[in-house]
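The values are calculated or read from the model by the stated rules, or taken from the named source; none is laboratory data. Source: prediction; values computed, not measured. Please note: Cβ atoms are built from the backbone with ideal geometry, for glycine as well, and neighbour counts cover all protein chains shown.
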Amino acid sequence: MKRSLPPEKLGILGAVAAFILAALFEWGGDQLQPAPDAPPVRPRHEAAPAAPDAGQVPGRTLRRPLPPPGPGDLRLQVEARHKIQSGVGTAFVISPGYWLTARHVVEGCDRLGFVVDRRHVVPIRDSALQHPDADIALVQADAGRSPALSLGPLPEIGDVGYHYGFPGAGKGRVTSTLLGRGDLRSTALRGLGRLVLVWAETGREGVAPGSLGGISGGPTLDEAGRLVGVAITSNTRRGRVSTVAPRTIRHMLTSGKVPVDGAAPSAWAAAPSFAELERIGTVRQLYCKVNS
């Protein structure tokens with residue numbers, strides 16, 4: 001019998017928060033400017049030697065490959081939204097001039113923009129390209145000198161993941177461990193997008209307790225700093241975060257004809273801090289304006 005895991009939708013905030021955001025934000029400019037004084041990317045260094053028993057690290061779940069999709073997948077049910085409202089989410093650079101985010105962050109938006117200093121919004125001219133069967137979308141906008149994230153392989157059960165973004169009024173990263181594969185059910189998500197990865201939260205850095213709303217669309221990196229997911233749902237009570245899998249990310253990039261070198265090494269030797277990614281402009285807060 002499949003276990004039930006009723007997740008909460010990430011990303012789009014409630015009507016009250018959206019009203020406050022719409023009142024506070026100022027729109028200006030015509031394109032995203034390069035991150036000011038962006039420092040060079042931290043140089044890579046040699047990886048630390050593997051532990052004597054590479055398959056078992058103290059305090060972690062025993063690592064093992066993800067099994068094929070099957071009856072053991074966790075069942076995730078996401079209810080469709082009755083009304084699309086203004087709100088915020090997270091986006092990140094995947095290739096020069098291209099950003100990835102969650103589809104539900106940009107769905108139904110009349111205007112999109114990057115948030116600067118929590119008040120000012122730099123508008124994005126083009127609309128987002130939305131995946132028809134998965135909660136992922138592609139936004140084209142100037143990325144300045146901000147380095148892009150590199151795609152990584154499918155993680156294994158027990159691997160550590162880091163989720164970056166702007167939940168609520170905070171910003172930071174959430175640490176987790178991969179539990180397994182999830183079967184995502186929703187009237188808005190079909191086919192390829194149903195297969196997601198489910199992570200068990202183990203810690204927060206700069207993120208307050210409670211809902212992770214606003215981290216939607218943020219990248220999930222492995223310990224080597226490679227992209228292995230995009231955050232789409234969470235369950236605060238159970239401490240779960242669900243992400244789009246690498247296969248779906250590659251499908252989105254192929255559909256959007258995004259030039260990505262899948263063999264390129266990560267720019268980081270380990271998962272960077274949130275402050276580092278924000279400082280160089282690789283991760284930004286995304287605002288969706290829905291006209292009343």
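Picking from residues in the stretch 133-145 that are modelled with pLDDT of 95 or more and part of a loop (DSSP other than H, G, I, E, B), the one that is surrounded by the fewest Cβ atoms within 10 Å (Cβ to Cβ) is Ala141. Only residues that are buried (at least 24 other Cβ atoms within 10 Å of the Cβ) and at negative phi were counted in the stretch 208-227, giving 7.
Among the residues here, Val121 does not qualify as within 18 Å of Leu184 (Cα to Cα) and either surrounded by fewer than 23 Cβ atoms within 10 Å (Cβ to Cβ) or β-branched (Val, Ile, Thr) (or both). Residues of the stretch 146-177 that are without any contact (Cβ under 8 Å) to a residue 40 or more places away in the chain and not in a strand (DSSP E or B): Ala169, Gly170. Note on the stretch 69-97: among residues that are of a type in the set (Gly, Ala, Ser), farther than 17 Å from Ile215 by Cα and modelled with pLDDT of 85 or more, the one that is surrounded by the most Cβ atoms within 10 Å (Cβ to Cβ) is Ser95. Here Arg247 passes the criteria (1) assigned to a loop (DSSP other than H, G, I, E, B); (2) over 12 Å from the mean Cα position of the chain (by Cα); (3) under 25 Å from Leu66 (Cβ atoms) except the one numbered (1). Counting only residues that are out of contact with any His (no Cβ under 9 Å at 6 or more places or on another chain) and not β-branched (Val, Ile, Thr), how many does the stretch 201-233 have? Total satisfying the criteria: 16. Name every residue in the stretch 164-201 that is modelled with pLDDT of 85 or more and farther than 26 Å from Pro68 by Cβ, in order of residue number. Across the stretch 164-201, the qualifying residues are Tyr164, Gly165, Phe166, Pro167, Gly170, Lys171, Gly172, Arg173, Val174, Thr175.
Which residue is nearest to Ala134 (Cα to Cα), if the candidates are limited to the stretch 98-122 and must be at pLDDT 90 or above and in a loop (DSSP other than H, G, I, E, B)? Across the stretch 98-122, the extreme among qualifying residues is Ala102. Exactly one residue among Ala231, Ala275 is assigned to a helix (DSSP H, G or I) and either small (Gly, Ala, Ser) or without any contact (Cβ under 8 Å) to a residue 40 or more places away in the chain (or both), and that residue is Ala275.
The residues of the stretch 71-85 that are within 19 Å of the chain's Cα centre (by Cα) and not in a strand (DSSP E or B) amount to a single one, Val78. Exactly one residue among Arg103, Arg111 is within 20 Å of Arg250 (Cβ to Cβ) and in contact (Cβ under 8 Å) with a residue 12 or more places away in the chain, and that residue is Arg103.
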